[in-house]
Structures are given as C-alpha cells and as structure tokens.
Amino acid sequence: MGVRRVTASATNVPGNVLGDVSKETALQLYRGMLAVRMFEERMIELSTQGKVGGNLHLDTGQEAIAVGVCHALAPSDLVVGTHRSLAHAIAKGADLRKLAAEMLGKATGYCKGRGGKMHLTCPEVGFVTANGIVGAGLGIAAGVALRQKMTGSGPAVVSFFGDGAVNHAYFHETANLASLWNLPLLMICENNGYAVSVRADRAMAGPGVVARAAAYGIEGESVDGNDVMQVSAAAKRALGAVHAGNGPRLIECRTIRVHGHHEGDQQHYRPREEIEEAVKRDPIDRMRGFLVGQGWLTVQEETALQRELASEIDDAVAFAEQSPSPAVSELHQHVYGEERAGGSRP
C-alpha cells in the first residue's frame, strides 16, 4: 500500500497561502490527505476480493477539499456528505475501525453494517450522514442548520455536493431558504467537472456556481480545490462569517476526478489527456513537493508516516474482518419503516 510519487515542479506545489501555514499545520493536512488515499486504496483491494459490496465512489485526486475544509471546522461543527463521502468522514475524525467494519457490512460498524458508505453516519464526530441521492444532502444540511439556529446551539453545518447537484432543485431550494432564513450553512461544491459522465460545461448554463449562489444573496468564492492550504484558508474565512451569524456562504473547489464515477468505470467518455492532467494535479503530490521544498519532510519521515498509517489501516481492516455480521434475528432492528396495515412496524 502506498502513494504514487512524482517530482514536484515549481508549478506543481501550493502557492497561494504559504505565509499563513505552520509546519505543524502543513504536516497535519498532508497526513489527513494521505490517510484518505491509503484507506480508499485498501477498500479497492477488499472490493476486488468481494468483501465490500456495491460500487466504490472514490475521492482520489479530491482529498484536499475534504481535509482542507474539515481542518478549518470547530469540533462542534457538523458535516453532511454525499455518495462520495469516505474522505469527509475520515477528515472529520471517524474511527477507522468502525468505518472499515461498516464498509464490510459488520455489526461493529457505525451503522451496524446496514448503512455502508452511501448512508454512513458518524454522530460522535459530527458527521451527520452521507446520502446516495444527488444534491439531497443540501436539504438535510439546511434542516440541521435551521435546528441549530432555532435552538441557538451555535455550530455551523457544512454540506458537500458536486457540480451535478447545482443543476438540481435541491441546490436552488436550499440556497433560497438558507439565505432567506440566514442559516449557519457552509455550502462546499466539489466541482470535478463531471456529473457521472456528463461534462459540466455541457450541462451548466451561465457564469458558474458562485454566480448561482450570488443570485440568492449568498457570498461565495472559487478556489483551487487541489491546493489544500488554499481550501483551508477559504473555509476559515467563510466559517468566520457563518459563526458570526452573517448567513450562509459558498465555496466552489475546482478539482479533477482521477477515477471514474465509481471504481470500474472505464471513463470512455473522457479524453485520455484529461485523465493524465488530473494525475499531474494530484493534491498529495503537490503538498509533498511543498513540504520537501520547505525542509519539513524527508524521505525517511514520509516512509515512517506511510508505515504508521498502513499499520492503523491494517488494524482497522483486521478488526472489521474479525467482527461478526449482523444477526438475522436483528434484521428489523435499527432501521426505519412505515407503519403497516394492522399496526405492525418493522
């Protein structure tokens, strides 16, 4: 298990907020991205062995967004994810053991093996839920943010969503109500240029995501989503406004998807050159180049870091594989259902 190495050039490293980051913070951000990448790589291995059910929607090449945003959050802030949310959960502090167990459908998982990655929830770390419906997490996040405002509980709510969701009613309804009600909501658009196999420039009219938010009176900015320090700095600015009660904010994080919509998608709809460019913009490689250039990371230190993370992931997977599957007798427990005729409820 490891991460592909490249030699970073002067144009392949973060460069927008170098004066605003300490060595400790930079290493934390790098470790966070590396943890996401290595955990997902292990899930690919387990999927090929038939141990992880369903399609894997991977964050490869987009790790800087989840890690940069979650690093800027207060511990009490809440996150609502998407169908591609392993990175969000890990960046928010999810326990890798319970996360691996959930991915393998085990009773010791976060949702007792019933949720998987599509319906994951990690309440103790403030990860409210993932959601398999495009854009639906926005409405959930707005509802949670409304509760926060009505109870005066303080924390902000962050909703991650893709560029495809911006063409759905969920985005427009949420933006309208969040602005109208001045909700403590931070909207993070992970714009990787594709909604499954449809290019954004073939599906989205007008000047872009930020302009659409502005139409509802929501301030926003567009940043390089492959620069983890730029993402984190933008999230801190936006969260400062949200926490101060100045209403919702939006950040568009421009990125490039390396894998297909899901693992196994051959991406015949994309030019090969585009995928090669995505690999060149790898946020982990860029951050590594910066750290090495600053003298903050040596080859020996990175090797030790990768071994440390590999050991943590090995432990998590071993825990998951040794855990029991949900008992058949508990089939109707821990699930929600409608009342049936005769008054029975599953």
> How many residues, within the stretch 62-79, are surrounded by fewer than 23 Cβ atoms within 10 Å (Cβ to Cβ) and modelled with pLDDT under 95?
Replying inline: 3
> Of all residues in the stretch 239-282 being small (Gly, Ala, Ser), open to solvent by 10 Å² or more (accessible area, probe 1.4 Å) and touching a residue at least 12 places away in the same chain (Cβ under 8 Å), which is farthest from PHE171 (Cα to Cα)?
Replying inline: GLY264
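Each row is one residue, and each column tells you yes or no for (1) over 25 Å from THR174 (Cα atoms); (2) in a loop (DSSP other than H, G, I, E, B).
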site	(1), (2)
GLY113	yes, yes
LYS117	no, yes
LEU120	no, yes
GLU124	yes, no
GLY132	no, yes
LEU138	no, no
ALA142	no, no
ALA145	no, no
PRO155	no, yes
>> Give me the residue from the stretch 125-151 that is over 17 Å from the mean Cα position of the chain (by Cα) and of a type outside the set (Gly, Ala, Ser) and, out of that set, least open to solvent (accessible area, probe 1.4 Å).
In response: GLN148
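In the stretch 185-204, is there at least one residue being open to solvent by less than 60 Å² (accessible area, probe 1.4 Å), at pLDDT 95 or above and more than 20 Å from SER85 (Cα to Cα)?
no
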> Going through the stretch 152-178 one residue at a time, which ones are crowded, with 18+ Cβ neighbours inside 10 Å and of a type in the set (Ser, Thr, Tyr)?
Replying inline: SER159, TYR170, THR174
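The values are calculated or read from the model by the stated rules, or taken from the named source; none is laboratory data. Predicted model only: the values in this text are computed from it and were never measured. Here Cβ is always computed from backbone atoms with ideal geometry, including for glycine, and neighbour counts include all displayed protein chains. With ligands, DNA and RNA removed, areas are computed over all heavy atoms of the protein, side chains included. Shrake-Rupley method; radii C 1.70, N 1.55, O 1.52, S 1.80 Å.
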